[in-house]
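Contents: one structure, followed by commentary.
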Amino acid sequence: MNSRLLFALALCGLFVFTFASNCGGNCPANNCKTCPCGTKKSFANIQSTCSQWKGINLRCCNCIANAESSGNANAMHGNGDGSIDVGLFQINSVNWKSCNGGRAPCGLSENIKCAKSIYGYKKNFSPWATCGGCGCCGSRFFAELMNSTVLEA
C-alpha cells in the first residue's frame, strides 16, 4: 500500500475511534465503551421535567439535572469501575436492573422513573455526586429547604 492510503486509513480509524468514544458528543469525557443512548443529543426542559416530580425541592432538582447532564437526556459518562451513567439524571448502570428491567434508562420517562426510585432510597438527592455542589445535601440543605419551593405529592 502506498503511504497516502495508509495515512487515509489511519485518519479514518482515528475518526471512528474518537466518534465512538464520545458517542456523538453525548459522552464528552470520551470514556464510554458503548453508546447505549445513541449518538444524537436530545435536550429536555429541566424546569418542566422537575416540576412534574412531586415532593422534591425544585431548586435542587434543577441544579442536579443541569450539573449531571446539562439538560441532555442522552448524556453518558463512563466510570473507572466499568459502570456507565446515562440520561438527564445520569443513572448508574448498577441501578438499571432495579429501576428499568436492566435496560439503560435513556428515555426521559424511564430516566425520571429511575431517578425517583434512587431518590426514594434516602428521600433526598444525596446519591448524586453533584448533591453537595448544588447545596442539596447535609445541614445546609435542610436549613435552605425551609425557604424554598417543595412540591407536595
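The values are calculated or read from the model by the stated rules, or taken from the named source; none is laboratory data. It should be emphasised that the depicted structure is a prediction, and the values quoted were computed from it without experimental measurement. Every residue, glycine among them, receives a Cβ derived from its backbone with ideal geometry; neighbour counts consider all protein chains shown.
Do we have Gly38 as without any contact (Cβ under 8 Å) to a residue 60 or more places away in the chain and out of contact with any Ser or Thr (no Cβ under 8 Å at 6 or more places or on another chain) here?
Numbers: without any contact (Cβ under 8 Å) to a residue 60 or more places away in the chain: no; out of contact with any Ser or Thr (no Cβ under 8 Å at 6 or more places or on another chain): yes.
The answer is no for Gly38.
Identify the single condition in (1) among the polar types (S, T, N, Q); (2) under 21 Å from Cys37 (Cα atoms); (3) surrounded by 15 or more Cβ atoms within 10 Å (Cβ to Cβ) that Thr130 does not satisfy, given that it satisfies every other one.
The single condition Thr130 does not satisfy is (2).
What's the total number of residues in the range 51-77 that are touching a Phe, Trp or Tyr at 6+ places or on another chain (Cβ under 7 Å), closer than 12 Å to Asn111 by Cβ and touching a residue at least 40 places away in the same chain (Cβ under 8 Å)?
Within the range 51-77, residues that are touching a Phe, Trp or Tyr at 6+ places or on another chain (Cβ under 7 Å), closer than 12 Å to Asn111 by Cβ and touching a residue at least 40 places away in the same chain (Cβ under 8 Å) number 2.
All but one of (1) assigned to a helix (DSSP H, G or I); (2) within 18 Å of Phe125 (Cβ to Cβ) hold for Lys97; which doesn't?
Exception for Lys97: condition (2).
I want to confirm something. Restricting to the range 125-153 and keeping residues that are assigned to a loop (DSSP other than H, G, I, E, B) and farther than 16 Å from Glu68 by Cα, which single residue is modelled with the lowest pLDDT? Can you show your working first?
Initial filter on the range 125-153 (assigned to a loop (DSSP other than H, G, I, E, B)): 125-137, 146-149, 151-153.
Then drop every residue that is not farther than 16 Å from Glu68 by Cα, which leaves 146-149, 151-153.
Numbers: Met146: 43, Asn147: 48, Ser148: 50, Thr149: 48, Leu151: 47, Glu152: 45, Ala153: 40.
Across the range 125-153, the extreme among qualifying residues is Ala153.
So Leu108 clears everything in (1) among the hydrophobic types (A, V, I, L, M, F, W, C); (2) more than 17 Å from Cys131 (Cα to Cα); (3) at pLDDT 95 or above except one condition, right? Which one?
Looking at each condition in turn, Leu108 falls short on (3).
Taking into account only those residues within the range 75-116 that are of a type in the set (S, T, N, Q) and buried (at least 21 other Cβ atoms within 10 Å of the Cβ), which is nearest to Ala44 (Cα to Cα)?
We begin by selecting, within the range 75-116, every residue of a type in the set (S, T, N, Q); these are 79, 83, 90, 92-93, 95, 98, 100, 109, 111.
Cutting the leftovers down to buried (at least 21 other Cβ atoms within 10 Å of the Cβ) gives us 90, 111.
Numbers: Gln90: 13, Asn111: 12 Å.
Ranking the qualifying residues of the range 75-116, first place goes to Asn111.
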